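One structure is given here, and the rest of the page talks about it.
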Ligand code: TYM
């Protein structure tokens, strides 16, 4: 999707995204009060990313919940494109996925698209393999349920994925992909096939069980276009269309334009950053909604809506709505300075990363157990 002001594709997010426009252009539905109530009824609470509108849209979630209420359990499917280090934006999506797994007690299929990143990035096959392993450590560290979580690596699990992908690929034309992703005759042919690989895991459990099982895909909205293309295909092959739940993007350090991305080192906080690196990055690069001088800030107040440190607290790092509200109020009124706000954010992120990094080390022994062995 490209408009004059912003662009959202699975490989590029540029400009200030208008999510209302994306809802209309992608043809997704807003997560409204009614559907949030339905989720809350089953989960007994709402995750902060639902309460705060960070997950904001869906496809066919009503249908998925209808099926769940009839006793037809769904499975979760999400993934990671391994081409560099993991950042906080990825983690938000996956921590929400973990919450869904815990609350609904369901299986998770997690795809590592090493083929995608090799085809789309100017990196060697060997480097992509290194990142696949490194990224798996981060995912394993999040504490997904063992025995109910299955990692698929595209080139390693080709025996399972490829027969499904070719069936999907046969029903997608090059002109559809050109229209959806702006591909041209100069793009390598692997890129053209790739959408069918990302579409495949949405039916893997149905293929294995030889019966249709509903699927829910949590993602940030950049990944939706693959499924928009593939959703027309699944019923033609006799499968359910997967449901999707979409989040907005965690902003880059530089502010509300674009998204946090590991291809720009200073735009992102990485899971492997040291406490000192986090502190330096936030102090130096985190876009501030504060005023130019302390006097002005005290008088006119700051703007938390664009302040990146505040947004990180809102996305993930301040669970308590009341505390978040107080920080917002104090910053808006000028009572809290940018330096004070940054200090809170640095402390929160570093407390989280300290634990995450310990679990990430332990995951070296566990990652094997998550890999699908079927
Ligand atoms: P990748 O590795 O680019 O991103 C992994 C997941 O993180 C989300 N994401 C973000 N969420 C919030 N804020 C951000 N700044 C941010 N940056 C990335 C992505 O939307 C994604 O959900 N092709 C995929 C891998 C994949 C996949 C899937 C993703 C394979 N199957 C199924 C979602 C669902 C990729 O390269 O994701």
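Just so it is clear, none of the values below were taken in a lab; they were calculated from the coordinates. In this text, all values refer to a predicted model and were calculated from it rather than measured experimentally. Glycine also receives a Cβ, built like all others from the backbone with ideal geometry; neighbour counts cover every protein chain displayed.
Roughly speaking, what is the stretch gain from residue 124 to residue 32, that is 0.36 nm per residue apart minus the C-alpha to C-alpha distance, in nm to one decimal? Mind showing how you got there, number by number?
On the way: separation 92, 0.36 × 92 = 33.12 nm, distance 4.39 nm.
Gain on stretching residue 124 to residue 32: 28.7 nm.
The long axis of helix 125-140 is offset from the longest Cα principal axis of the chain by roughly 70 degrees.
Overall, the anisotropy analysis places the stretch 107-178 in the oblate class: the square-rooted eigenvalues a ≥ b ≥ c of its C-alpha gyration tensor yield a/c not less than 1.5, with a/b not exceeding b/c.
How high is the FRET efficiency from residue 210 to residue 133, r the C-beta distance, R0 35 Å, rounded to 0.05?
Given R0 = 35 Å and the Cβ-Cβ separation, E is 0.60.
For the chain, the relative contact order comes to 20 percent (Cα pairs under 8 Å, sequence separation of at least 6).
Between the C-alpha center of the stretch 227-294 and that of the stretch 126-194 there is a gap of 20 Å.
Springs join every pair of Cα atoms under 10 Å in this Gaussian network model of the chain, and among 209, 158, 252 the largest mean-square fluctuation is at 209.
Each 5 Å bin from zero holds the following percent of Cα-Cα pairs in the stretch 275-362: 3, 15, 24, 23, 17, 10, 4, 2, 1, 0.
For the chain, state the semi-axes of the equivalent ellipsoid (square roots of 5 times the eigenvalues of the alpha-carbon gyration tensor), sorted largest first and rounded to whole angstrom. Don't skip to the end; give the middle numbers.
Working: eigenvalues 234, 101, 94 Å².
Semi-axes from the Cα gyration tensor: 34, 22, 22 Å.
In terms of surrounding Cβ atoms within a 10 Å radius of their Cβ, 87, 297 rank from fewest to most as 297, 87. Between 0 and 90 degrees, the angle of helix 338-362 with respect to the longest Cα principal axis of the chain falls at about 40 degrees.
Across the stretch 150-165, the residues whose backbone nitrogen lies under 12 Å from the label position 7 Å along the beta-carbon direction of residue 237 are 160-165. Helix 33-43 and the longest principal axis of the Cα set of the chain meet at an angle near 80°. Classification of the stretch 158-264 by its C-alpha gyration tensor yields an oblate form. The axis ratio a/c (a ≥ b ≥ c) is 1.5 or more, and b/c is at least a/b. Please report the base-10 log of the normalised intensity I(q)/I(0) for the stretch 36-188, using a Debye sum with one equal scatterer per alpha carbon and no solvent, at each q in 0.13, 0.17, 0.20 (1/Å). The calculated log intensity ratios at q = 0.13, 0.17, 0.20 Å⁻¹ are -0.78, -1.21, -1.36. Computed extension length for residue 296-residue 46: 86.2 nm, one decimal, from 0.36 nm per residue of separation with the Cα-Cα distance subtracted.
Here the stretch 1-80 and the stretch 303-374 have alpha carbon centers that stand 22 Å from each other.
Take the Cα of residue 184, step 7 Å toward its Cβ, do the same at residue 105, and the gap between the two points is 5.4 nm.
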